[in-house]
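Structure, as structure tokens:
The values are calculated or read from the model by the stated rules, or taken from the named source; none is laboratory data. A quick note: this is a predicted structure, and the numbers were derived from the prediction, not measured. Because the Cβ atoms are built from the backbone with ideal geometry, glycine has one as well, and the counts that use them run over all protein chains shown. Surface accessibility is based on the protein's heavy atoms, side chains included, excluding ligands, DNA and RNA. Shrake-Rupley method; radii C 1.70, N 1.55, O 1.52, S 1.80 Å.
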Amino acid sequence: MRESTGKTNVDWLTVFIYITMVIVGWLNIYAAVYQPDAPTSIFSISLNSGKQLMWIGGALLIAFVIMVVDFKLFSTIAYPAFIITLLMLTFVLVFGHSAGGNTSWIKIGFIRIQPSEFAKFTLALALARYIDNPTVKIEKWDGFLSSVAIILIPFGMVMLQKDTGSALVFAAFFLMLYREGMPWWIMAVGLWLVFLFVTALVTDTLSAVALLGGMTIIAIIYLIYTKKSKFFLFLVVGFGTLSFLFTEGIDFIMYDVMRPHQRKRIEVLVNPKIDPLGVGYQVNQSKIAIGSGGLAGKGFLEGTQTKFNFVPEQSTDFIFCTIGEEHGWIGSLITIGLFAALIIRLIILAERQKSTFARVYGYCVSCVFFIHFMINMGMTIGIFPVIGIPLPFFSYGGSSLWAFTMMLFTFIKLDSHRSQMLARN
């Protein structure tokens, strides 16, 4: 499709951050698989670094194509692309290839494609297209519930693939809904349930129930003392009852809903000493690698934990270990700074959009990057359970790199034409 005429203004700062992250990620992938006893070129196709270079070439081609097509195309294809992604997720459920305990891949020869990565991109487009409708108001129940339904469809399909990590990333889209008018109390309830879950894990269910009961009684006494209306009293009692039922159901979630390895990862998160040579081994070795880097690190290709393969999956989900060991606190801080700069920049770009479609899409992209960044780095230092999601632009893998590139450059394209995009009435 031919590019429409008109002034464009590409945000080169975002492009520069992207290129920097991709190059730094590629170098660290090489460091993660480098073996001093049998040194191999970074360009060798036998190494993940050589394969990643091919994926980088494909990503740059994708970025180029996105930047030359008409910006109106993305709104037009939003729903068809979302439907195609759902069909691909359905195909995976029937004919998918299993890897790492998840049936979430389509295998074509030596190439593996993970549709759940691209589902984030097409879901962002579909939500932006839906919310761009002038009749849709997120602050109203019909608009909110319809948006939630759109999110839950791919979420449920990815959960059926037993890929809990990728499924949890879809929670990022609720952050966008909050920006677009989702009632604050829905977010507060979600955070409260997380608090109850963590409290029950850190202590025990009985202690969590006792804490909850005490807080409810204090709230009731306060309402009676201040002579508030009965509505607030019933609200507190009802909310306390539902919270109690949720807390009592945590054991059911842990032992009847979660699979054994998922439950074990959460238990190890709470108490790293319970299985140091089993489920906890990867996280323990990850923390050792990062901690051993000290202030400035051991130097490029000098990481001992990396050389002797102490950390499994180090070129993919645990790539941050390589950064921490070889480049130390300074390198880790620079990496975190790159992600912070990218996410903040995307939020700034989203806020200056004149169209609802571009703004919503921009917030979807920034929220997905934030969730990936937060969870991935969190699990490498032991503050989140290991759920197997990549670090954008750093982890090895073609599907994730291409999907993140599509998400980012589509927004860069939309932003470059913001003066030509009409705001919703």
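Treating region 280-409 as a set of equal point scatterers at the Cα positions, no solvent, please give the Debye-formula log₁₀ I(q)/I(0) at q = 0.11 Å⁻¹.
Reported log10 I(q)/I(0), two decimals: -0.42.
Rank-order 295-306, 235-246, 390-401 by packing density, defined as the average count of other C-beta atoms within 10 Å over each peptide's residues, highest first.
The packing order, highest mean first, is 390-401, 295-306, 235-246.
Given charges of +1 on the Cβ of Lys and Arg and -1 on the Cβ of Asp and Glu, with all other atoms neutral, how large is the dipole of region 311-425 about its Cα centre, in debye to the nearest 20?
800
Keeping all protein chains in place, calculate the accessible area per residue for the chain (probe 1.4 angstrom), answer in Å².
48
When only alpha-carbon atoms are used, what values of Rg and Dmax, in angstrom, describe region 23-82?
For region 23-82, the Cα-based Rg and Dmax read 17.1, 53 Å.
Assuming R0 = 41 Å, can you tell me the calculated FRET efficiency for the pair residue 139 and residue 300, based on Cβ-Cβ distance, to the nearest 0.05?
0.20
Roughly how many debye, to the nearest 20, is the charge dipole of the chain about its Cα centre, given +1 on each Lys and Arg Cβ, -1 on each Asp and Glu Cβ, and no other charges?
Rounded to the nearest 20 debye, it is 920 debye.
Let me have the 222 nm mean residue ellipticity of the chain computed from DSSP H runs of 4+ only, each contributing -39500 (n - 2.57), with the sum over all residues rounded to the nearest 500.
Value at 222 nm, helices only, nearest 500: -22000 deg cm²/dmol.
How much of the accessible area of the chain, probe 1.4 Å, is carbon plus sulfur, in whole percent?
71
Can you tell me the mean projection area, over all orientations, of the convex hull of the chain's alpha carbons? Units nm², please.
23.5
May I ask you to list the residues of region 161-200 whose amide nitrogen lies under 19 Å from a point 7 Å from Cα along the Cα→beta-carbon direction of residue 215?
184-200
From the residues 198, 213, 185, which one has its Cα farthest along the dipole of the chain in the positive direction, the dipole being from +1 and -1 charges on Cβ of Lys/Arg and Asp/Glu about the Cα centre?
185
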